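Here's the structure, in structure tokens; my notes come after.
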Amino acid sequence: MRTVVRITERVVETPSTVTLRFPYGPAAAPGQFVMVWVPGDDELPMSLSYVDGPSRGVTVKAMGDTSRRILRLDAGQPIGVRGPYGRGFDLSARRLLAVAGGSGAAVLAPAAEAAVARGARVTVALGATTAAELLFGDRFRAMGAEVVEATDDGSAGVRGFVTGPADRLLAERSFDAVWTCGPEVMMLKVVGSARAHGVPAHCSVERHMKCALGMCDACALGPFHVCSDGPVFAADRLLSETEFGRFHRDPSGRRVPG
């Protein structure tokens, strides 16, 4: 059931990304998502970037018309929220590598905070197109995580994709698990590197999700529904499907390359 709440805080995180905080009662686990509705507009799936306390949060990147309208909302305005839905992260690892591409950091940050609270040591490979778009670097550092940055243009950290530092870290250190969120082609490379070094990996997958109940088939990934079987998957399950990292679904649910 949808609950209408009022935004209590709006924080500009990067030039293209805004966090909205709001009061919301249902308990949530790191990695779960909610459906966010703007009155008079569409409903969009959004991972919770803040899961603890009475104030939840979503971190929104400008992607389409509805997300851009959500970005312009301010404190005091209403939104509809339903959920949380889906499967979150296994927090049992003690030596953890989190690999975030772009807005994927919004999914991994609350999970890393929960892991640190349980005594885990977290290293983060954080990637973005440019320094200004690096998301939650200070938040990761504040929780005690080591952060290694990569930017496409070299304006911060290593020049190039975040998969490069992730592969180097896996070669140099021992980890119990790898968590990753970002474009599927990026995650596919991260998973391949993790397998090569014998480290289990989990991926938070982003697809078009409409019903959030596993009924409409819009978010299908092979035999899986991302909304109910995920969005967090053990990498071995995803690698059994040739669709992962090679095909996606358009808004109509049609499978298309890329």
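Values in this text are rule-based calculations from the coordinates and carry no lab data. Bear in mind the structure is a predicted one, so any value in this text is a computation, not a measurement. Here Cβ is always computed from backbone atoms with ideal geometry, including for glycine, and neighbour counts include all displayed protein chains.
Key figures for this structure:
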read-out: Ranked T242, T3, T19, criterion: other C-beta atoms within 10 Å, fewest first; value: T242, T3, T19
read-out: Residue-averaged 222 nm ellipticity for the chain, from DSSP H runs of 4+ at -39500 (n - 2.57), nearest 500; value: -6000 deg cm²/dmol
read-out: Mean projection area, nm², convex hull over Cα of segment 119-249; value: 8.7 nm²
read-out: P(r) tail fraction, segment 3-85 - alpha-carbon pairs more than 21 Å apart, %; value: 17 percent
read-out: Amide proton proximity set for C216, modelled H, under 5 Å, gap of 5+; value: C211
read-out: Crossing angle, helix 105-117 versus the chain [Cα axis fit, 0-90 degrees, rounded to tens]; value: 70 degrees
read-out: In order through segment 30-38: 3J(HN,Hα) via Karplus (6.51 cos²θ - 1.76 cosθ + 1.60), integer Hz, x for Gly, Pro; value: x, x, 6, 10, 10, 9, 10, 10, 9
read-out: Nearest-ten-degree value, helix 184-196 long axis tilted from longest Cα axis of the chain; value: 30 degrees
read-out: Cysteines without a disulfide-compatible neighbour (Cβ-Cβ under 4.7 Å), the chain; value: C181, C203, C219, C227
read-out: Vicinal HN-Hα couplings computed from phi for segment 153-166 (Karplus, 6.51 cos²θ - 1.76 cosθ + 1.60; Hz; Gly/Pro x); value: 9, x, 6, 8, x, 6, 7, x, 6, 5, 5, x, x, 4
read-out: By average C-beta atoms within 10 angstrom, highest first, the peptides 99-112, 199-212; value: 99-112, 199-212
read-out: Convex hull per residue volume in Å³, alpha carbons only, for segment 75-130; value: 133 Å³
read-out: Span per principal axis, largest first, for the Cα atoms of the chain (Å); value: 50, 39, 36
read-out: Segment 162-224 - Kirkwood radius from inverse mean 1/r over Cα pairs (Å); value: 13.0 Å
